[in-house]
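Below: one structure, written as structure tokens.
The values are calculated or read from the model by the stated rules, or taken from the named source; none is laboratory data. These figures come from a predicted structure and were not determined experimentally. Every residue, glycine as well, gets a Cβ built from its backbone with ideal geometry; the counts of neighbours run over all protein chains shown. Note: areas computed on protein heavy atoms with side chains; ligands, DNA, RNA excluded. Shrake-Rupley method; radii C 1.70, N 1.55, O 1.52, S 1.80 Å.
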Amino acid sequence: MEDERAALAAGARELGVTLTDESAAGLLRLLDELTRWNRAYNLTAITDRAQMLTHHLLDSLSVAPFVRGSTVADVGTGAGFPGLPLALLGPKQRFVLMDSNGKKQRFVAHAARALGLTNVTALHARVEDLRPTQPYDTVVARAFAALPQMLAWIAPLCGPDTRVLAMKGRLPEAEIAGVARPWTVAEIVPLRVPGLNEERHLLIATCRLGA
């Protein structure tokens, strides 16, 4: 366990994220819950705990420095990634974790309760059906859909100041080329997740409604 905690802390530091003892303990407790539930409910194809730490926890933390504002939506959150790790780091922010998979949303709700994350709401819904009354400050999605389709679906969640964080593997040049007004890809950030020998890119998109 100490080796795991050290690996998590070292990986987070490489990503520019400082973990407190409390947040590190919470992230490892999340890993405990995911491991336990995964045996019965097959929430993730990754079953090796060290790989879970890299592919789920550190991969989620890689976008933490780019989250802005007080309200964050994680669309297509699956088993709660990146939303649950980000919520552990941002207790003063409000997170809504959305997915249409009821089994995974039950885990998200359970994990939020187990970790005492009162800033997390698990929402069982299709994102394209949602019409919130206020736009979110940040919308994040990990491997959710091709970028043009994703932006079309999440448009009702966004306002002119919303930052969309699309987490991708290899740089999806065709997807980027398919983005049309009022959307724009404002920034492309290569990410290096410690221990993960795979390409990662963060696409930051914004929308100028009426443009």
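Could you tell me how many degrees, from 0 to 90 and to the nearest 10, lie between the Cα long axis of helix 2-14 and the main elongation axis, the longest principal axis, of the Cα atoms of the chain?
The angle comes out near 30 degrees.
Magnitude of the Cβ-charge dipole of the chain, K/R +1 and D/E -1, about the Cα centre, nearest 20 debye? List each step's numbers first, then the result.
Working: 23 positive and 21 negative charges, 100 e Å.
Dipole about the Cα centre, nearest 20: 480 debye.
With the contact rule set at Cα under 8 Å and sequence spacing of 6 or more, what percent relative contact order holds for segment 122-161? Intermediate values should be presented prior to the final figure.
Working: 23 pairs, mean separation 22.8, N = 40.
Over segment 122-161, the number comes to 57 percent.
At 1.4 Å probe radius, can you tell me the per residue accessible area of segment 1-147 in Å²?
Details: 6690 Å² over 147 residues.
Dividing the accessible area of segment 1-147 by its residue count gives 46 Å².
Which percent of the accessible area of segment 1-131 is formed by carbon and sulfur heavy atoms (probe 1.4 angstrom)? Don't skip to the answer; put the middle values down first.
Numbers: 2900 of 5970 Å².
Solvent-exposed carbon and sulfur of segment 1-131 make up 49 percent of the total.
Bins of 10 Å, beginning at zero and ending with the bin holding the largest distance: percent of Cα pairs per bin for the chain, please.
8, 37, 38, 15, 2, 0
With everything on Cα atoms, drop me the angle between helix 102-114 and the longest principal axis of the chain, reported from 0 to 90° to the nearest 10.
Compared with the principal axis, the helix lies near 60 degrees.
What distance in nm lies between label points placed 7 Å from Cα along the C-beta direction at GLN134 and ALA114?
3.1 nm
Hey, if you put +1 on the Cβ of every Lys and Arg and -1 on every Asp and Glu Cβ in the chain, which of LEU165, GLN51, LEU123 ends up farthest toward the positive end of that dipole?
Value computed over the given set: LEU123.
Apply 1/(1 + (r/R0)^6) to the Cβ-Cβ distance of HIS201 and THR18, taking R0 = 22 Å, and write down the FRET efficiency to the nearest 0.05. Numbers along the way, then the final one.
Working: r = 24 Å, r/R0 = 1.08.
Working from the Cβ atoms, E equals 0.40.
Can you tell me which of ARG192, ARG29, ARG181 moves the most in a GNM of the chain? Springs connect C-alpha atoms under 10 Å apart.
ARG181
Mean separation of Cα pairs under 8 Å and 6+ residues apart, divided by the residue count of the chain: what relative contact order is that in percent?
Numbers: 381 pairs, mean separation 37.5, N = 211.
That works out to 18 percent.
Who wins for biggest fluctuation among THR47, THR138, THR35 in a Gaussian network model of the chain, springs between alpha carbons below 10 Å?
THR47
From the protein chains alone at 1.4 Å, what is the descending order of accessible area for GLU4, GLU187, GLU173, largest first? Present the calculation step by step, with values, prior to reporting the outcome.
Working: GLU4 35, GLU187 90, GLU173 125 Å².
Per-residue accessible area, sorted high to low, gives GLU173, GLU187, GLU4.
Would you list GLU128, GLU199, GLU33 from the most to the least accessible area, probe 1.4 Å? Let's see the in-between values first.
Details: GLU128 45, GLU199 100, GLU33 15 Å².
So, going from the largest accessible area down, we get GLU199, GLU128, GLU33.
Quick one: which of 78-88, 153-163 comes out on top by average Cβ neighbours within 10 Å, and what's the full order, highest first?
Details: 78-88: 26.4, 153-163: 18.1.
Going from most to least packed, we get 78-88, 153-163.
How large is ³J(HN,Hα), in whole Hz, for each residue of segment 143-160 in order, when computed from phi with the Karplus curve 6.51 cos²θ - 1.76 cosθ + 1.60 and θ = phi - 60°, using x for Gly and Pro?
Taking θ as phi minus 60°, the curve returns 6, 8, 6, 4, 4, x, 5, 4, 5, 5, 5, 8, 3, x, 8, 10, x, x Hz for segment 143-160.
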